[in-house]
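Asks: Got a structure for you, questions after.
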Amino acid sequence: MLNINHFRHISLLEGLSFLALLFVAMPAKYLFGFPEAVSVIGWAHGLLFMTYIFMASVLAARLGWTERYTLLVFAASIVPFACFFLNPSLRRQVEADA
């Protein structure tokens, strides 16, 4: 069953994959001529991003997140490092559910 703790882990993985895409794969492609890095890391990031958006949508409806908080969660998926700042808020929700 989908819960906030699963989403917290996906959020961290999605954020790490985004950073790997920006700071590992893109330089590998453009500086070292290794475009395969973008293909592999980009594919993984795309899958994690779609999972993140799906889970955020489901949890927003299920947990009654405000529109502002939901937009913040969605924005965290496209702003580098934002998922790491979102994580404490998600952790508090996990602890509140326990």
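Asks: Kindly establish whether residue 64 is surrounded by fewer than 17 Cβ atoms within 10 Å (Cβ to Cβ), more than 24 Å from residue 1 (Cβ to Cβ) and among the small types (Gly, Ala, Ser).
Replies: Taking the combined requirement at face value, the residue does not satisfy it.
Asks: What number of residues within region 61-76 are assigned to a helix (DSSP H, G or I) and either closer than 10 Å to residue 17 by Cβ or out of contact with any Phe, Trp or Tyr (no Cβ under 8 Å at 6 or more places or on another chain) (or both)?
Replies: Final tally of qualifying residues: 11.
Asks: Quick one: is residue 59 touching a Cys at 6+ places or on another chain (Cβ under 9 Å) and of a type outside the set (Phe, Trp, Tyr)?
Replies: no
Asks: What number of residues in region 1-23 are farther than 26 Å from residue 92 by Cα and over 17 Å from the mean Cα position of the chain (by Cα)?
Replies: Adding up the residues that qualify gives 0.
Asks: Now for a separate question. When you scan region 48-74, how many residues do you find that are within 18 Å of the chain's Cα centre (by Cα) and either at positive phi or β-branched (Val, Ile, Thr) (or both)?
Replies: 5
Asks: Considering every residue within region 38-56, establish whether at least one is touching a Lys or Arg at 6+ places or on another chain (Cβ under 6 Å), modelled with pLDDT of 95 or more and surrounded by 11 or more Cβ atoms within 10 Å (Cβ to Cβ).
Replies: Among the residues of region 38-56, at least one is touching a Lys or Arg at 6+ places or on another chain (Cβ under 6 Å), modelled with pLDDT of 95 or more and surrounded by 11 or more Cβ atoms within 10 Å (Cβ to Cβ), which makes the answer yes.
Asks: So, one more: Residue check: is residue 32 of a type outside the set (Val, Ile, Thr) and under 17 Å from the mean Cα position of the chain (by Cα)?
Replies: For residue 32, the condition - of a type outside the set (Val, Ile, Thr) and under 17 Å from the mean Cα position of the chain (by Cα) - is not met.
Asks: Can you tell which of 9, 45 is in contact (Cβ under 8 Å) with a residue 12 or more places away in the chain and on the phi < 0 side of the Ramachandran plot?
Replies: Only one candidate qualifies: 45.
The values are calculated or read from the model by the stated rules, or taken from the named source; none is laboratory data. Note that the coordinates shown come from a computational prediction; the quantities given were computed from them, not determined experimentally. Heads up, the Cβs are rebuilt from the backbone with ideal geometry, glycines too, and the neighbour counts pull from every protein chain shown.
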